[in-house]
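For reference, the structure is listed below as structure tokens.
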Amino acid sequence: PKYLNIWNWTKDGRDVILEYFKYRQEIGGRPNKRGKRIKWSDSSVSSSYRRIRAHFNFIAENVDGFPPQLLNNLPIKKTKIITETFTSMEMNLILQFMDANKENPRWTWFFPMFKVLLETGMRVSEICSMKIRNVDIDDRKCKIVGKGKKEGWVYFKSNALWEIIQKQIYDDKNNIRTDTDYIFWSTYNQKQNGKWYKVENKSNPISPNGLSAKTKKMFRELRLNEKLSTHATRRYFITEMLKKTDGNIPLVAQLVGQNSWDVVRLYTKNVVDNSKELNVGLFD
């Protein structure tokens with residue numbers, strides 16, 4: 001309780017934080033419903049450390065006399081950022097699957113969203129929360145709210161992509177929808193007595209968990225890499241856009257709403273210029 005006083009952190013706060021993280025990893029947090037303590041991974045510690053460190057830097061900027069960078073440079077293990085995404089074979093399997101099932105009621109609500117994810121690199125939370133009133137029809141873009149409530153723009157410049165968005169924001173009479181706030185509202189098809197029925201709730205968006213679960217279901221049917229998740233669409237977009245823009249890291253970082261170029265720069269290791277000779281050529 002004494003650490004509710006911020007000034008006590010200036011004495012041994014660094015040791016307290018390290019002891020806290022050690023406890024979380026070796027003992028775990030509060031017991032869940034089954035009485036089991038969940039132990040933190042290195043990535044959980046790293047993520048928590050970034051937030052706590054930022055909070056104390058905020059205090060230093062707003063409280064006179066509080067030491068700056070109090071918790072900076074703690075010996076916290078850095079976690080590797082995953083940059084692997086779909087192989088060309090996996091992507092061809094996905095495209096083949098979507099084409100074969102484009103009329104299948106099981107997938108009709110899902111495919112448009114998955115295509116938008118691939119073409120824009122949006123996070124799942126961002127696409128689910130997109131609102132019609134934030135669409136700029138003239139410039140084919142939509143304002144989105146990303147991590148840290150940071151606002152940005154997502155662009156629908158390709159005709160195929162814009163066609164998907166138009167189908168969502170216009171009704172049957174070609175008027176802009178007023179019956180829902182969301183571009184992708186809650187909808188799915190349910191089979192009863194051998195017939196399919198559409199279930200909709202236009203007051204709510206499609207949930208991120210529902211979208212992620214459907215993605216994993218498609219991956220399982222295609223027997224893709226079990227480590228792949230919906231986030232792989234974002235990685236795929238970054239990698240492909242780096243190829244298309246000749247490695248324009250600042251532009252790609254802006255498109256995916258990354259404050260730091262460093263994260264996007266990690267993806268350049270996956271980008272190979274196909275115009276270069278990549279084999280010795282002894283047997284050509």
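What to note about this one:
- Taken over the chain, the percentage of Cα pairs per 5 Å bin, counting from 0 up to the bin with the maximum distance, is 1, 4, 9, 12, 13, 13, 12, 11, 9, 7, 5, 3, 1, 0, 0.
- Entry note: the stretch 138-188 has Rg to Rh equal to 1.00, where both radii use alpha-carbon atoms and Rh is the Kirkwood radius.
- Cα-based radius of gyration for the stretch 59-142, normalised by 2.2 N^0.38 Å, reads 1.84.
- Compared with the alpha-carbon gap, the fully stretched path from Thr87 to Lys33 is longer by 15.5 nm at 0.36 nm per residue.
- Where the alpha-carbon atoms of the stretch 18-165 are placed on the principal axes, they occupy 59, 41, 32 Å, in descending order.
- Estimated FRET transfer efficiency (Asn209, Asp262; beta-carbon r; R0 25 Å; 0.05): 0.25
- Here r is the Cβ-Cβ distance between Asp12 and Lys149 and R0 is 30 Å; the resulting FRET efficiency, rounded to 0.05, is 0.35.
- Principal axis analysis of the Cα atoms in the stretch 111-162 yields extents of 31, 24, 15 Å, listed in decreasing size.
- Overall shape of the stretch 1-88 was characterised from the C-alpha gyration tensor. The equivalent ellipsoid obtained from it has semi-axes of 28, 20, 11 Å, in decreasing order.
- Over the stretch 209-265: Rg over Rh, Cα atoms, Kirkwood Rh: 1.09
- The mean of 1/r over all distinct Cα pairs in the stretch 133-264, once inverted, gives the Kirkwood hydrodynamic radius of 17.5 Å.
- Residues with amide H under 5 Å from that of Trp185, placed H, sequence gap 5 or more: Ile206
- Note on Asp64 and Gln25: the extension gain reaches 10.6 nm, defined as 0.36 nm multiplied by sequence separation minus the Cα-Cα distance.
- Highest average packing first - 32-45, 223-236, Cβ atoms within 10 Å: 223-236, 32-45
Each reported figure results from applying straightforward, stated rules to the coordinates on display, with no laboratory input. All of these numbers come straight from a predicted model, not from anything done at the bench. When we count neighbours, we look across all protein chains shown, and the Cβ atoms used for this are built from the backbone with ideal geometry, even at glycine.
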